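**Q** I am attaching a structure below and will ask some questions about it afterwards.
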Amino acid sequence: MESSAATQPHGLLTPAPGAGRRKAVNKTVEVLCTIAAALAVAVLLLVVISVLLKGLPAINLDLLTKNPAAFGQPGGGISNSIVGSAILIAIASLIAIPVGILTAIYTTEFAPARISFGIKFALDILNGVPTIVTGVFIFGVLVVGGTQSGWAGAIALSVVELPIVARAAQEVLDLVPRSLHEAGLALGLKRWRIVLRIVLPTALGGLITGAVLGVARVAGETAPLLLTSSIWSNLSYTTNPSQALPNIPVTIFSLSESPSPADHAKAWAAALVLILFVLILSVVARAFHERSRSRLRG
Amino acid sequence: MIPNSQETMTSIRPNTPSTATEQAPQRMASGHSVEVDALQAYYGNHQAVKNFSIAFAANEVTAIIGPSGSGKSTVVRCINRMHEEISGARAEGTVMLDKVNVYDPRVDVTAVRRVIGMVFQKPNPFPTMSIFDNVAAGLKLTGWRGDDLRGRVDQSLRGVGLWDEVEDRLNTPGTALSGGQQQRLCIARAIAVEPEVILMDEPCSALDPVATLRIEELIDELKARYTIVIVTHNMQQAARVADTTAFMLDGELIEHGPTTKMFTKPEDERTERYVTGKFG
Amino acid sequence: MSVTTASRRGPFDIHARLADRIGQPALRILTTLAGIASVAVLVWIAETLVNQSRPAMSAFGLGFVGHTTWNPVKSTFGAGAFLYGTLVSSFIALLIATPTAIAIAIYLTELAPRVIRRPVAILVELLAAIPSVILGLWGIIFLSPFLGNHLEPFLKSFLGWLPLFSGSPSPYGMLNAALILTIMTLPIVTAITREVFQTTPGELKEAAYALGATRWEMIRKVVLPVARPGIVGAVILGLGRAFGEAIAVTQVIGNANQVKASLFQPAGTLAAQIVNEFPNASPGVYQSSLIYLALVLLVMSLIVNIAARVLVRRRKVG
């Protein structure tokens with residue numbers, strides 16, 4: 001290369017004045033941008049690896065299958081929190097997923113454009129309501145004057161989950177080609193049949209994605225549960241949603257505030273369980289998301 | 001990456017019978033010829049331009065015609081190295097301008113593009129900039145400011161015949177103009193940095209006939225100062241504006257010569273079929 | 001018309017018509033109810049908070065928002081210190097997160113090799129999936145000692161003359177909360193900014209390159225100006241997220257009811273204060289004041305979210 005290009009760039013192609021500085025600025029910005037991206041990925045890895053390093057040594061079968069030990073006793077596990085979280089998430093999802101999908105169907109199939117726009121806007125705003133405020137709201141409606149309960153906690157979670165599921169569902173339903181509707185109408189099908197037989201099956205992958213994302217999001221929610229389902233007895237297994245249900249996020253939170261290293265170890269183990277659950281769901285949902293969208297887009 | 005062949009400068013002439021171009025008015029002092037040799041252009045594995053060699057004479061308008069997909073846009077995009085902005089795209093061969101290969105690794109790509117300006121298919125003024133700032137955009141990059149800048153912007157707008165139409169609204173967005181005005185604005189933007197060569201990639205395909213005519217008249221005026229290469233799918237347009245016409249098919253240069261000759265008695269039978277509308 | 005189509009269906013005629021007669025309105029009513037419910041929840045949240053903060057409102061009025069005393073023993077409450085903590089921690093977070101997010105978005109849309117763009121984008125977005133309680137735990141165990149022993153002494157030695165970096169370094173405080181909030185808002189701002197960048201028309205980028213612009217000049221002249229409203233929307237959205245974050249902030253901010261210039265000092269936010277005291281607050285003015293805090297927070301997040309959605313949406317339409 002060097003030998004063949006005997007002449008220096010000259011004449012017309014001489015770089016404009018200041019070209020060296022401009023190039024240097026460009027290079028600097030490129031390097032800074034790359035560093036920023038590396039930094040963000042590094043923080044993610046740092047947090048995940050911290051959880052792995054701290055959580056793995058602390059995790060064992062006892063921890064996953066036993067209840068917490070009585071106060072002052074060593075050992076014990078977090079199985080009551082795992083079961084409680086599962087129940088809370090299940091109830092929340094049983095409320096939020098159907099309501100969310102029905103809302104999405106309403107906005108894409110039945111509602112006039114303006115109402116549809118208004119509902120989407122309201123859902124975005126609801127999604128922006130701080131979850132601690134949701135907790136205070138459910139406390140004010142269901143707990144005040146009475147006691148905390150799994151029901152209250154699950155309903156609080158469902159309020160958090162609803163806008164996520166609904167917006168994701170609207171997005172996929174919007175992608176279902178209108179020509180499918182017309183094909184159905186041309187066959188003499190009524191709209192409700194078109195929705196149930198053509199639209200929903202076509203959008204199924206995307207609907208599942210939205211639901212999974214909703215579950216991943218509420219699985220780690222702590223603030224609403226703190227006000228609605230955080231006071232429980234560690235001595236008995238509670239699976240009854242009329243009482244406060246033990247759960248992983250609140251367990252991590254209270255263990256993290258403790259000064260005892262043994263409690264911290266348990267917090268890390270619980271964090272490991274939670275982060276694996278959430279990250280796996282998120283990654284799976286994302287993979288699904290890409291696939292169903294690209295399929296609908298053709 | 002690009003095989004460097006400064007030495008091959010002498011063997012640039014394509015083997016097409018085109019001595020006629022050489023008799024074009026000799027105004028080499030004010031313009032510059034562009035000599036393309038053995039250009040190969042790829043998009044990934046697809047070769048869009050095959051062994052393309054041509055000399056674009058100074059102060060002449062050369063039209064590249066051919067059916068869609070024949071590689072004519074790719075050729076012009078290789079001349080100012082815009083081709084390489086597309087991911088997966090690469091080019092081999094040499095493009096000589098003023099005795100320097102624009103693909104020489106020591107040539108700054110931004111310098112290439114300043115000297116070889118480009119006008120695109122769709123008028124693309126910067127939407128966030130005023131008419132003035134659109135024309136000034138390239139100049140500001142190299143530090144033009146104040147009165148010098150204003151003078152050059154005025155001059156460029158006059159050069160494309162837009163000055164009278166916009167002089168009282170230089171601060172309004174460039175996108176508020178009509179399509180034809182936008183395209184002339186884009187030409188003003190290109191000539192403001194004083195290039196030697198202007199590449200035009202189907203510059204009228206998005207315009208109505210009246211606006212097209214204005215642009216064609218403008219091209220005729222501009223060739224006194226610039227070497228112009230215009231890609232067009234419109235044979236009438238080539239016949240109206242070009243001194244020389246090149247015909248491409250499937251990535252290859254089939255024939256090139258004086259426009260009148262190309263449209264009346266082309267040498268290649270494929271050219272004849274194309275210019276008489278038998279295919280493409 | 002429905003009669004003629006139905007009659008062609010032969011034996012299923014009656015069943016089909018019956019099903020249509022029930023199914024069609026049933027689906028319509030069901031979905032309509034769901035749609036109404038989604039909007040109603042929002043109204044209900046506001047109504048509940050207004051209602052239940054009434055005792056505190058009648059005791060302290062609107063002055064509550066600016067007043068910095070919070071004394072459960074004397075039953076005197078004001079949101080001032082927490083409002084300050086919320087605003088300062090969130091603004092610092094966005095001050096760091098915004099340029100970083102724009103830089104990452106530039107990397108992801110213009111610089112990175114095509115094959116790694118999606119994976120890196122997904123990794124950055126996964127940052128948002130980490131539950132805040134885990135980020136808070138990480139903040140307590142890893143970030144706090146680093147801040148207390150290294151970063152804050154370092155900042156102090158160089159910038160100690162600024163009130164912001166004066167005072168003795170401490171592991172828990174405003175700076176720690178701001179950094180955790182930076183991590184939480186970064187993926188949101190990045191995701192939206194990246195999406196907006198991707199919508200920049202290719203022909204505009206080409207126009208800039210054809211004028212001899214370097215990549216950065218192209219970005220500065222074309223991509224950033226076109227994306228500006230979207231970026232502003234993204235930042236405001238991030239701000240809304242930062243305002244409302246309760247758990248992680250509670251874990252690292254040190255929870256003190258004070259207004260201090262130094263970022264090293266413990267502070268409090270509206271959300272963190274609710275987390276801290278709500279579980280133990282006695283019903284009456286105390287609890288009502290905490291609900292009043294929630295109401296202030298709700299109003300802030302409503303304003304911010306509405307502004308952000310309007311900006312982001314206008315960008316999409318225009």
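The values are calculated or read from the model by the stated rules, or taken from the named source; none is laboratory data. Nothing here was measured: the structure is a model prediction, and the numbers come from that model. Note that each Cβ is placed from the backbone with ideal geometry, even for glycine, and that neighbours are counted across all protein chains shown.
Results for (1) away from chain C (no Cβ under 11 Å); (2) within 27 Å of B:Pro173 (Cα to Cα); (3) surrounded by fewer than 18 Cβ atoms within 10 Å (Cβ to Cβ), shown as yes or no for each residue.
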position	(1), (2), (3)
B:Glu60	yes, no, no
B:Lys72	yes, no, no
B:Asp98	yes, no, yes
B:Val112	no, no, no
B:Ile116	no, yes, no
B:Asp147	yes, yes, yes
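**Q** Look through the stretch C:195-207, keep the residues that are more than 9 Å from every other protein chain (Cβ to nearest Cβ) and not in a helix (DSSP H, G or I), and return whichever of them is surrounded by the fewest Cβ atoms within 10 Å (Cβ to Cβ).
**A** Going through the qualifying residues, I end up with C:Thr199.
**Q** Report every pair of residues separated by at least 6 positions or lying on different chains whose Cβ atoms are under 7 Å apart, first residue within the stretch B:211-226 and among the acidic types (Asp, Glu), second in a helix (DSSP H, G or I).
**A** From the stretch B:211-226, the pairs are B:Glu216/B:Gln237; B:Glu216/B:Arg240; B:Glu216/B:Val241; B:Asp220/B:Val241.
**Q** Going through C:Ala26, C:Ala19 one at a time, which residue ends up being more than 7 Å from chain A (Cβ to nearest Cβ), surrounded by 14 or more Cβ atoms within 10 Å (Cβ to Cβ) and free of Cβ contacts under 8 Å to residues at least 60 places away in the same chain?
**A** Being more than 7 Å from chain A (Cβ to nearest Cβ), surrounded by 14 or more Cβ atoms within 10 Å (Cβ to Cβ) and free of Cβ contacts under 8 Å to residues at least 60 places away in the same chain holds for just one of C:Ala26, C:Ala19, which is C:Ala19.
**Q** Let me ask something else. Since A:Ala216 meets every condition but one in (1) facing another protein chain (nearest Cβ under 8 Å); (2) out of contact with any Gly (no Cβ under 6 Å at 6 or more places or on another chain); (3) modelled with pLDDT under 90, which condition does it not meet?
**A** Result: A:Ala216 passes all but (3).
**Q** Can you confirm whether A:Gly76 is under 24 Å from C:Gly136 (Cα atoms), touching a Pro at 6+ places or on another chain (Cβ under 8 Å) and not hydroxyl-bearing (Ser, Thr, Tyr)?
**A** Yes.
**Q** Moving on to the next point. Just the residues that are within 13 Å of another protein chain (Cβ to nearest Cβ) and surrounded by 15 or more Cβ atoms within 10 Å (Cβ to Cβ), please, taken from the stretch C:142-168.
**A** C:Leu143, C:Ser144
**Q** Next up: Going through the stretch C:108-156 one residue at a time, which ones are among the hydrophobic types (A, V, I, L, M, F, W, C), more than 21 Å from A:Ile275 (Cβ to Cβ), out of contact with any Asp or Glu (no Cβ under 9 Å at 6 or more places or on another chain) and in a helix (DSSP H, G or I)?
**A** C:Leu108, C:Val115, C:Ile116, C:Leu147, C:Leu151, C:Phe154, C:Leu155
**Q** Checking the conditions here, which among C:Ala93, C:Ala101, C:Ala129 is within 11 Å of chain A (Cβ to nearest Cβ), closer than 21 Å to C:Ile231 by Cβ and either in contact (Cβ under 8 Å) with a residue 12 or more places away in the chain or not β-branched (Val, Ile, Thr) (or both)?
**A** None of the others qualify; the one that does is C:Ala101.
**Q** Can you tell me which residue within the stretch C:208-217, out of those that are crowded, with 24+ Cβ neighbours inside 10 Å and assigned to a helix (DSSP H, G or I), is nearest to the other protein chains (Cβ to nearest Cβ)?
**A** Result: C:Ala210.
**Q** So A:Ile275 passes all but one of these: (1) assigned to a helix (DSSP H, G or I); (2) more than 9 Å from every other protein chain (Cβ to nearest Cβ); (3) more than 16 Å from A:Gly77 (Cβ to Cβ). Which condition number does it fail?
**A** Answer for A:Ile275: the failing condition is (2).
**Q** For the stretch A:77-193, give me every one of the helices (runs of 4 or more DSSP H) that falls completely inside it and has 2 or more residues that are away from chain C (no Cβ under 13 Å).
**A** Answer list for the stretch A:77-193: A:79-105, A:150-175, A:178-186.
**Q** Now for a different question. Listed residues C:Leu186, C:Leu237; which is assigned to a helix (DSSP H, G or I), at pLDDT 95 or above and not hydroxyl-bearing (Ser, Thr, Tyr)?
**A** Answer to the selection: C:Leu186.
**Q** I'd like to know if the stretch A:259-267 contains one or more residues that are surrounded by 21 or more Cβ atoms within 10 Å (Cβ to Cβ), closer than 28 Å to C:Ile122 by Cβ, within 11 Å of chain C (Cβ to nearest Cβ) and within 16 Å of the chain's Cα centre (by Cα).
**A** no
**Q** Would you check if C:Ser38 is among the polar types (S, T, N, Q), within 30 Å of A:Arg191 (Cα to Cα) and assigned to a helix (DSSP H, G or I)?
**A** Here the answer is yes, as C:Ser38 does meet what is asked.
Yes/no per residue for (1) within 15 Å of B:Ala111 (Cα to Cα); (2) at the interface with chain C (Cβ under 7 Å from one of its Cβ atoms); (3) modelled with pLDDT under 95; (4) outside any helix (DSSP H, G or I):
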position	(1), (2), (3), (4)
A:Met1	no, no, yes, yes
A:Ala6	no, no, yes, yes
A:Pro9	yes, no, yes, yes
A:Leu12	yes, no, yes, no
A:Pro17	yes, no, yes, yes
A:Arg22	yes, yes, yes, no
A:Glu30	no, yes, no, no
A:Cys33	no, yes, no, no
A:Ala37	no, yes, no, no
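**Q** While we're looking at this one, here's another question. Only one of (1) touching a Leu at 6+ places or on another chain (Cβ under 8 Å); (2) surrounded by fewer than 23 Cβ atoms within 10 Å (Cβ to Cβ); (3) not charged (D, E, K, R) is not met by B:Tyr274, so which one is it?
**A** Every listed condition holds for B:Tyr274 apart from (2).
**Q** Could I ask something else about it? Looking at C:Gln265, C:Gln273, which one is touching a strand residue (DSSP E or B) at 6+ places or on another chain (Cβ under 8 Å) and buried (at least 18 other Cβ atoms within 10 Å of the Cβ)?
**A** After applying the criteria, what remains is C:Gln273.
To keep it simple, each residue is scored yes or no on (1) within 13 Å of another protein chain (Cβ to nearest Cβ); (2) within 25 Å of B:Leu97 (Cα to Cα).
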{"position": "B:Phe126", "(1), (2)": "yes, no"}
{"position": "B:Lys140", "(1), (2)": "yes, yes"}
{"position": "B:Gly159", "(1), (2)": "no, yes"}
{"position": "B:Met200", "(1), (2)": "yes, yes"}
{"position": "B:Cys204", "(1), (2)": "no, no"}
